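In what follows, a single structure is set out as structure tokens and then discussed.
The values are calculated or read from the model by the stated rules, or taken from the named source; none is laboratory data. Nothing here was measured: the structure is a model prediction, and the numbers come from that model. Quick reminder, even Gly has a Cβ in these numbers, built from the backbone with ideal geometry, and neighbours come from all protein chains shown. Ligands, DNA and RNA are excluded from the accessible area calculation, which covers all protein heavy atoms including side chains. Shrake-Rupley method; radii C 1.70, N 1.55, O 1.52, S 1.80 Å.
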Amino acid sequence: MSLPVLSRDEISAEWLTGMLRGKGHDVTIASVELKAIGTGQVGATYRIKLNFEGDPNGFPPTIVAKLPSNDELSRTTGKSHLTYLRESRFYQTFAGKKPMAVPDYLYIAFDEDSHDFTLIMHDLPSHVQGNQLGEPSREEALLAVDAAASIHAAWWGDPMIDTLDWPNGTKAVPPQLDSDMLFGMFWPAFCDRYGDRVDANMRTVGEAFLGKLNANYDTRQSPRCLTHNDFRPDNMLFNVDDPAKPIVIVDWQTTGVGIGVGDIAYYTGTAFEAGHRRDIERELLARYRTQLIARGVPEGDLAHIEDDYCRSAVAGFLMGVTAAMVVERTDRGDDMFLAMARRSSAMVLDHGDRALPQ
């Protein structure tokens, strides 16, 4: 029997009491207060304050709920691009199964017809969300690389992941959206919308990859693993003083199967301005390689890691262009997508023939 999907208004004190008791927590909740948090473009996230009746027996005073977006366009995109399905399936299939830098969740329900979902997670009130419009500190960047390694190593080369019929990039089903077709539709519209904000580097890279994205990704050679595919500061929560979870990776709506170092290239390409990236990317790539080996990945599997890194440099540019055109438009969203495209295009050009389509 499937679990019920709840709307914001249906997450009541009575329902939460029953759900938490079913998880072994001896609590009674008298009332709840929901407050929107985060900057998600496709989902709506709320912090839930729990007002207890009697002793909470150590249960924390807040939890977090994530639901579909309140914006009609973003909600439609979430269904048509399977983002709600992927995030729900990630928690059902992977979260909590192996050590990874991901949230601890209490409840996940997904409706196969509407793609509505309800995700209830433990709160991390002392963690701070990364900022896509700023730049990470070196400490934050090292934590991000370690987190990626924990996720990638957990299912490195596992043939099971390619039997799944829902992640991006799986071999079990053909791709839902062809990258060349999608980019060919959205690139002219992106240029038209943003005009002079599309700089020369962005235009050079955009024109170079028209009709060549699929072939570019086909040249990557390393073993496949579980990937995040939107691995950037906005999707990271930091608390360096928390020894158990100094970083947590959220927003699993683009969960995929692919080349792990692609998440690292996406991160360095979207998180840093060119000068800062040039100073730190070799250190981060070396750190990632070391962390994978420490987690049991065979050293021989990493023979092509640098080439795969360069071939993946365009990923952040592609996301910045396409995502801008399919979600609710906001001022911050415009700034964010343009920053992703601008930073990633500079990275592609820095790596020249190793990053450009052949």
Margin query: For F52, what residues show an amide H to amide H distance below 5 Å, using hydrogens built from the backbone and excluding near sequence neighbours?
Written below: A30
Notebook entry, point to check: Rounded to the nearest 5, what % of the DSSP beta bridges within the chain are antiparallel ones?
Noted result: 95
Item checked: Amide H contacts of N168 (H built 1.01 Å from N, under 5 Å, at least 5 apart or other chain) -> G256, V257
Margin query: Normalised radius of gyration for the chain, please: alpha carbon Rg relative to 2.2 N^0.38 Å, two decimal places.
Written below: 0.99
Item checked: Among G22, G333, G296, residue whose mean-square fluctuation peaks in a GNM of the chain (springs only between Cα atoms under 10 Å) -> G22
Checklist line | Quarter of Cα convex hull surface for region 262-308, i.e. mean projection, nm² | finding: 3.3
Margin query: Using only the alpha-carbon atoms, what does region 287-356 span along each of its principal axes? Please give whole angstrom values in decreasing order.
Written below: 44, 28, 18
Next item on the list: Could you pull out the pairs from K35/K98; K98/K245; K79/K171 whose alpha carbons sit more than 24 Å apart here?
Entry: K35/K98
Check: If you project the alpha carbons of region 1-92 onto their three principal axes, what span does each projection cover, largest first, in Å?
Finding: 44, 30, 19
Check: What number, in percent, do you get for the relative contact order of region 255-358 if the mean sequence gap of Cα pairs under 8 Å and at least 6 apart is divided by its residue count?
Finding: 38
Item checked: Fraction of alpha-carbon pairs over 18 Å apart in region 72-124 - percent -> 35
Check: Using the Kirkwood formula over every pair of different C-alpha atoms, what hydrodynamic radius in Å results for region 201-320?
Finding: 15.4
Notebook entry, point to check: What's the Kirkwood radius of region 8-59 in Å, using all Cα pairs?
Noted result: 12.0
Notebook entry, point to check: If exposed GluC sites (Glu not before Pro) are those in a DSSP loop with at most 14 other Cβ within 10 Å, what is the longest stretch of the chain that has none?
Noted result: 113-272
Margin query: Can you compute the helix-only [θ] at 222 nm over the chain? Use -39500 (n - 2.57) per DSSP H run of at least 4 residues, normalise by all residues, nearest 500 deg cm²/dmol.
Written below: -13000 deg cm²/dmol
Next item on the list: Can you tell me the relative contact order of region 202-326? Whole percent, Cα pairs under 8 Å, sequence separation 6 or more.
Entry: 32
Check: Can you list the HN-Hα couplings for region 155-163, worked out from phi with the Karplus curve (6.51, -1.76, 1.60; θ = phi - 60°), rounded to whole Hz and with x for Gly and Pro?
Finding: 10, 4, x, 6, x, 4, 5, 7, 8
Notebook entry, point to check: Excluding ligands, DNA and RNA, what is the solvent-accessible area per residue of region 71-221 at a probe of 1.4 Å, expressed in Å²?
Noted result: 46
Check: Taking amide hydrogens as modeled 1.01 Å from N in the peptide plane, which residues meet the under 5 Å criterion relative to I247, leaving out close sequence neighbours?
Finding: N239
Note to self: Can you compute 3J(HN,Hα) from phi for each residue in region 248-260, using the Karplus curve 6.51 cos²θ - 1.76 cosθ + 1.60 with θ = phi - 60°, rounded to whole Hz and x for Gly and Pro?
What the structure shows: 9, 9, 10, 6, 9, 6, 10, 2, x, 10, x, 8, x
Next item on the list: Report the relative contact order of the chain, percent, no decimals, based on alpha-carbon pairs under 8 angstrom and at least 6 residues apart.
Entry: 18
Notebook entry, point to check: If you average 1/r over every pair of different alpha-carbon atoms in region 141-281 and take one over that average, what Kirkwood value in Å do you get?
Noted result: 17.0
Check: Relative to a virtual label point 7 Å from the Cα of N57 in the Cα→beta-carbon direction, which members of region 1-35 show backbone nitrogen distances below 13 Å?
Finding: 17-29
